[in-house]
Amino acid sequence: MNINDFVVRFANVNGTGSASANYLFTKAIFRMGVPVTPKNIFPSNIQGLPTWYEVRVSEKGYLGRREGIDLMVAVNPQSFAQDVASVKSGGYFLYDSTKKLAKEFLRDDINYIEIPLMEISNSNYSDARQRQLFKNIIYVGALCELLKIEFNVFEDLFAEQFKGKEKLIPLNVTALQLGMNYIKEHYPNTLNIKVERRDLLKSKILAEGNAACALGAVYGGATFAAWYPITPSTSVIDGYADYCKQFRIDKETGRKNYAIVQAEDELAAMGMVLGAMWNGARAFTSTSGPGLSLMNEFLGLAYFAEIPAVLIDVQRTGPSTGMPTRTQQSDVLEAAYASHGDTKHVLLFPSNPKECFDMTADAFDLAEHLQTPIIMLTDLDLGMNDHISEPYEWNDLRQYNRGKVLTAEGLDAAQQWGRYLDVDGDGIPYRTLPGTHPEKGSFFTRGSSHTEYAAYTESSDEYRKGMERLLKKWDTAKTLVPSSIVYPSKKKSDTGVIFFGTSTYSAEEAMDKLAEKNIHVDALRLRGFPFDKAFEEFVSSHKQIFVIEQNRDAQLKSLMMIELGTEASKLHSVLNFDGMPITADFIFNQIASSFKAQVSNT
Amino acid sequence: MTYIKPKFRHPDLQKNKLGYTIDYYEGSLSTLCAGCGHDSISGAIIRACFEANIEPHKVAKMSGIGCSSKTPAYFLSNSHGFNSVHGRMPSVATGANMANRDLIYFGVSGDGDTASIGMGQFVHVIRRNLNMVYLVMNNGCYGLTKGQDSATADCGSKNKSGNINLYEGIDLVSLGLELGAGFVAQSFSGDKGQLVPLIKAAMAHPGFALINVVSPCVTFNNNVGSTKSYDYIREHIEATSTFDFVPEMTEIKTDYSEGETKQIAMHDGSLIQLNKLTKDWDPTNRSSAMNAMLNAKENNEFLTGLIYINPESLETHELIQTSKTPLNQLSQSTLCPGNMALAEINADLR
Ligand SMILES: Cc1ncc(C[n+]2csc(CCOP(=O)(O)OP(=O)(O)O)c2C)c(N)n1
Ligand code: SF4
Ligand SMILES: [Mg+2]
């Protein structure tokens with residue numbers, strides 16, 4: 001019997017209400033106290049195409065994707081061929097047997113569970129929509145019985161879901177029982193996989209990265225969002241709007257303590273964010289690759305004219321429209337050097353919802369402190385899938401860091417103020433906001449070369465001085481970005497592994513697998529750019545380094561070579577770029593085989 | 001090279017209600033070509049702000065890129081200015097305005113900046129009725145890149161290098177009317193008498209105010225055959241009315257007989273007084289204004305003055321109901337829900 005360690009995949013038709021049924025299944029396992037990680041594998045389509053939802057259950061707490069499907073719940077005949085093929089040997093294929101399964105879908109090495117889902121639903125419900133929706137609940141009921149999930153967990157979930165619409169609770173419970181009863185009758189105790197209650201999750205939450213970013217923006221004091229719809233970033237703004245409705249409506253006047261503008265395109269969205277932050281409000285935008293490309297010109301202006309901005313890039317599979325509903329980490333180089341001329345940008349790499357929340361809130365402090373755009377790179381996997389995460393936390397004593405902004409009193413007291421004068425030696429000048437002082441502190445913000453006093457200049461010396469000061473500011477940024485996290489191995493190792501973002505789960509799992517094979521490596525998780533000191537030390541103190549990325553061109557590796565001058569020969573890439581989240585097996589195989597090759601070479 | 005204006009002024013210059021003399025509203029010395037229409041418009045802006053008793057630091061000057069977009073450096077040196085990127089001033093102005101609804105946003109753009117690269121943003125900022133003045137210094141060419149035809153060049157107009165424009169020109173006034181701008185005016189850089197009150201009224205208008213000002217480029221498009229030259233405009237100019245902007249509580253003196261006059265009350269209590277109205281045209285009626293523009297075009301007339309006004313239009317903040325307190329002045333305690341609220345959110349996610 002395989003307890004709490006398996007993968008279930010649901011094969012549905014897009015737009016048939018399966019998402020909420022599948023989420024219910026995930027949530028039930030979560031409530032059983034067992035680590036669970038769901039992935040949406042959906043088409044760029046609104047209705048009618050195949051869509052999958054894959055749930056990994058892992059007692060050991062491995063939250064990355066795993067290949068090999070133990071149980072396929074196939075409700076979409078369109079994709080039967082692929083679905084049958086993807087079940088691992090000895091696994092189960094549960095399908096809607098209202099229609100007989102064609103011979104070609106029969107495999108000797110897997111088990112078939114036949115449930116006439118449509119028939120059961122049609123004979124119990126007359127309304128077409130109900131037939132559709134309850135068919136989904138019926139298969140969840142079947143899973144409840146097959147996997148031995150506690151029934152009352154579902155009862156609780158229904159009660160919460162339909163609070164205020166209590167009439168719907170018994171309807172759903174009945175549908176669930178239809179599925180359970182069918183299994184009790186026809187397939188009692190059939191599976192060799194099951195869920196057993198544990199207490200492994202403690203205070204953890206189940207949340208999507210995009211919603212976490214949205215909440216972080218509210219907590220970080222963002223009052224303005226400008227955006228242009230694009231998958232997979234749209235739900236960041238949707239979430240921001242929802243949380244703002246909850247927290248930002250003035251009780252007395254009913255007016256909004258925030259504004260959201262759906263811009264005409266991403267160029268405009270970025271321009272709006274710059275205008276707002278230039279004027280002292282905290283503002284952000286969120287987008288994905290194509291939008292980031294459009295924002296390039298403005299990002300250069302913001303870098304050179306030193307205007308704060310916060311941009312959340314939820315990466316998807318590029319180039320161009322690519323696979324817009326699949327994940328990738330392929331905007332790293334574009335984000336790092338967005339725009340023409342010598343530009344570089346501060347990047348943040350969260351890898352779970354808690355970090356999405358923290359880093360979004362922190363991004364506003366960083367942007368205002370450094371007076372430059374902060375680009376957060378998340379991805380579709382993190383943004384649009386539910387992840388188990390540490391709970392959100394906020395220190396009520398925390399004060400926003402609004403950076404070096406001179407007030408009217410400050411201007412009166414200042415000896416001599418220059419917008420681009422590096423008074424403190426950290427490369428960060430003092431800025432002023434419009435409307436502050438009748439006679440002091442006004443200046444002309446521009447993307448053309450300027451003196452320390454913000455006057456137009458074509459003097460080579462003045463220009464060079466400004467560009468060099470921006471490098472000094474870059475050095476300051478190194479000390480302010482979230483620091484790298486090092487995982488020292490139990491045994492001393494001259495091999496290092498570097499990863500970031502959503503590769504983290506699978507990378508951690510792969511480290512365990514390697515250790516089991518007696519391959520001991522140190523690891524580091526990158527969380528920000530420019531590279532911090534810990535990162536530089538890690539790179540220089542290891543002879544060879546595996547760099548794990550979810551893109552084709554080894555973008556982080558390039559960044560290391562450019563910024564740190566790391567020799568290419570010491571960097572080995574582990575690259576997953578097929579649009580599916582990277583797996584531990586993939587990482588393990590690449591690193592282990594490289595070790596094997598090295599051993600056989602010596 | 002930096003340009004610092006010689007600070008010599010007649011000691012008894014007139015003061016406005018705020019106690020400022022007109023030089024208080026000036027900027028640094030212009031680097032544009034001598035005779036450029038844009039400089040006259042800067043002069044009109046300076047005068048309008050002086051006469052309207054505007055606090056310069058409560059104005060934000062926004063512009064794109066071009067000779068025209070440089071002008072904000074040449075007026076209101078006590079205002080913050082933002083010389084953004086080519087064609088994208090409207091978005092930057094939108095963000096700035098969202099952050100602080102209490103300032104006056106004075107946008108300056110060129111015809112290239114607005115009607116070509118910036119057309120998308122121009123159209124959308126009108127749609128949203130952002131509370132701002134949007135002044136186009138329209139010379140029918142790209143001055144800063146040496147005189148190429150712009151999208152507002154009239155079909156058949158000849159530029160300095162002798163090229164005849166083959167394409168239809170975009171008429172920004174008609175476009176503004178079509179898109180529902182609540183204040184649409186047209187003028188000529190050489191007519192300060194009209195331009196100054198128009199700018200004052202535009203600043204008082206609580207919403208998007210478009211002023212298209214034909215502003216000849218003496219270097220590249222002031223030749224015979226150009227329809228944006230000083231001579232051509234002077235020959236074809238047709239004023240819709242003479243125009244006065246009457247600030248709050250000022251007694252109205254009029255030299256004209258009743259019936260030829262129209263007064264329009266603005267939200268802040270000021271009045272627009274139009275005298276000698278053109279026949280069959282009502283500046284508060286959009287279709288009448290559109291008609292007037294069409295007729296003028298057919299007759300090769302260049303119509304100037306206040307073309308259309310809707311003093312009741314609702315600006316963006318009123319449409320989306322943002323707080324009366326500017327967003328950039330809300331305190332952390334108003335903005336951050338705190339850890340207690342977070343505990344509830346966490347509970348919902350378990
Ligand atoms: C993205 C981009 N493309 C091209 C340019 C070059 N450019 C600078 S000003 C200008 C045209 C300006 O014309 P207009 O807005 O009519 O202003 P004018 O100089 O005539 O006042 C162009 C094409 C630029 N600055 N940015
Ligand atoms: S080139 Fe034309 S638009 Fe530019 S400053 Fe000279 S006259 Fe004015
Ligand atoms: Mg022009």
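The values are calculated or read from the model by the stated rules, or taken from the named source; none is laboratory data. Note that the structure is predicted; figures quoted are calculated from it, not measured. Every residue, glycine among them, receives a Cβ derived from its backbone with ideal geometry; neighbour counts consider all protein chains shown. Note: areas computed on protein heavy atoms with side chains; ligands, DNA, RNA excluded. Shrake-Rupley method; radii C 1.70, N 1.55, O 1.52, S 1.80 Å.
For region B:190-208, the criterion of a residue being assigned to a loop (DSSP other than H, G, I, E, B) and within 16 Å of ligand 2 (Cβ to nearest atom) is satisfied by at least one position.
Residues that are more than 16 Å from ligand 2 (Cβ to nearest atom), more than 15 Å from the chain's Cα centre (by Cα) and at pLDDT 95 or above number at least 1 in the following helices (runs of 4 or more DSSP H) confined to region B:72-141: B:89-99, B:119-127. Answer with yes or no whether B:N159 is in contact with a strand residue (DSSP E or B) (Cβ under 8 Å, 6 or more places away or on another chain) and within 13 Å of ligand 1 (Cβ to nearest atom). Yes: the conditions hold for B:N159.
The residue list A:R326, A:R255, A:R316, A:R282 contains one member that is on the phi < 0 side of the Ramachandran plot, open to solvent by 10 Å² or more (accessible area, probe 1.4 Å) and at the interface with another protein chain (Cβ under 9 Å from one of its Cβ atoms), which is A:R255.
Restricting A:F349, A:F357, A:F364, A:F298 to residues that are outside the structural domain of A:S506 (by TED's automatic domain parsing) and in contact with a Cys (Cβ under 9 Å, 6 or more places away or on another chain) narrows the list to A:F357. Residues that are of a type outside the set (G, A, S) and surrounded by fewer than 18 Cβ atoms within 10 Å (Cβ to Cβ) within region A:554-571 comprise A:M561, A:I562, A:E563, A:L564, A:E567, A:K570, listed in sequence order. Here B:T31 passes the criteria (1) within 15 Å of ligand 1 (Cβ to nearest atom); (2) buried (at least 24 other Cβ atoms within 10 Å of the Cβ) except the one numbered (2). Residues that are part of a strand (DSSP E or B) and in contact with a strand residue (DSSP E or B) (Cβ under 6 Å, 6 or more places away or on another chain) within region A:41-57 comprise A:I41, A:T51, A:W52, A:Y53, A:E54, A:V55, A:R56, A:V57, listed in sequence order. Here the condition is being open to solvent by less than 60 Å² (accessible area, probe 1.4 Å), in contact with a Cys (Cβ under 9 Å, 6 or more places away or on another chain) and more than 11 Å from chain B (Cβ to nearest Cβ); of A:L176, A:L191, it holds for A:L176 alone. Tell me the residue from B:N212, B:N221 that is surrounded by 24 or more Cβ atoms within 10 Å (Cβ to Cβ), under 19 Å from B:T284 (Cα atoms) and within 16 Å of ligand 2 (Cβ to nearest atom), please. The match here is B:N212.
The set of residues from region A:94-114 being under 15 Å from A:H186 (Cα atoms) and not β-branched (V, I, T) comprises A:L94, A:Y95, A:D96, A:S97, A:N111, A:Y112, A:E114. A:C213 satisfies every condition listed in (1) open to solvent by less than 10 Å² (accessible area, probe 1.4 Å); (2) within 11 Å of chain B (Cβ to nearest Cβ) except (2).
The number of residues in region A:479-511 being out of contact with any strand residue (DSSP E or B) (no Cβ under 9 Å at 6 or more places or on another chain) and in contact (Cβ under 8 Å) with a residue 40 or more places away in the chain comes to 1.
Picking from residues in region B:224-242 that are open to solvent by 10 Å² or more (accessible area, probe 1.4 Å) and of a type in the set (A, V, I, L, M), the one that is nearest to ligand 2 (Cβ to nearest atom) is B:V224.
Selection within region B:99-138: residues that are open to solvent by 10 Å² or more (accessible area, probe 1.4 Å) and more than 11 Å from every other protein chain (Cβ to nearest Cβ). The member of this set that is nearest to ligand 3 (Cβ to nearest atom) is B:S116. When we screen B:L330, B:L342 for residues that are open to solvent by 20 Å² or more (accessible area, probe 1.4 Å) and at the interface with chain A (Cβ under 8 Å from one of its Cβ atoms), the only hit is B:L330. Across region B:142-168, the qualifying residues are those that are of a type in the set (A, V, I, L, M) and within 15 Å of ligand 2 (Cβ to nearest atom), and the one among them that is most open to solvent (accessible area, probe 1.4 Å) is B:L144. B:Y24 falls short on exactly one of the conditions (1) part of a helix (DSSP H, G or I); (2) open to solvent by 30 Å² or more (accessible area, probe 1.4 Å); (3) within 14 Å of ligand 1 (Cβ to nearest atom); (4) within 13 Å of another protein chain (Cβ to nearest Cβ), and that condition is (3). The residues of region B:57-73 that are open to solvent by 10 Å² or more (accessible area, probe 1.4 Å) and more than 16 Å from ligand 3 (Cβ to nearest atom), listed by number, are B:H57, B:K58, B:A73.
Taking the conditions (1) within 14 Å of ligand 2 (Cβ to nearest atom); (2) open to solvent by 10 Å² or more (accessible area, probe 1.4 Å); (3) within 12 Å of chain A (Cβ to nearest Cβ) in turn, B:D39 satisfies each one other than (3). Residues that are open to solvent by 30 Å² or more (accessible area, probe 1.4 Å), farther than 24 Å from A:M270 by Cα and away from ligand 1 (no atom under 13 Å from the Cβ) occur at least once in region B:76-89.
On the stretch given as region A:47-69, residues that are within 19 Å of the chain's Cα centre (by Cα) and either surrounded by 19 or more Cβ atoms within 10 Å (Cβ to Cβ) or of a type outside the set (G, A, S) (or both) total 10.
Summed over region A:141-172, the residues that are exposed (fewer than 13 other Cβ atoms within 10 Å of the Cβ) and on the phi > 0 side of the Ramachandran plot give a count of 1. All of (1) open to solvent by 40 Å² or more (accessible area, probe 1.4 Å); (2) touching a Leu at 6+ places or on another chain (Cβ under 8 Å); (3) among the basic types (K, R) hold for A:K533 with one exception: (2).
Here A:R31, A:R9 are screened, and the one residue that is under 22 Å from the mean Cα position of the chain (by Cα) and under 28 Å from A:G209 (Cα atoms) is A:R9.
Tell me which residues, restricted to region B:286-327, are within 14 Å of chain A (Cβ to nearest Cβ) and open to solvent by less than 60 Å² (accessible area, probe 1.4 Å). Residues satisfying the conditions are B:E315, B:T316, B:H317, B:E318, B:I320, B:T322, B:S323, B:P326, B:L327. For the condition without any contact (Cβ under 8 Å) to a residue 60 or more places away in the chain, more than 8 Å from every other protein chain (Cβ to nearest Cβ) and either away from ligand 3 (no atom under 16 Å from the Cβ) or of a type in the set (D, E, K, R) (or both), what is the one hit in B:I46, B:I54? Of the residues listed, the single one that is without any contact (Cβ under 8 Å) to a residue 60 or more places away in the chain, more than 8 Å from every other protein chain (Cβ to nearest Cβ) and either away from ligand 3 (no atom under 16 Å from the Cβ) or of a type in the set (D, E, K, R) (or both) is B:I46.
Considering region A:34-44, the residues that are open to solvent by less than 40 Å² (accessible area, probe 1.4 Å) and under 20 Å from the mean Cα position of the chain (by Cα) include one that is nearest to A:S203 (Cα to Cα), namely A:P35.
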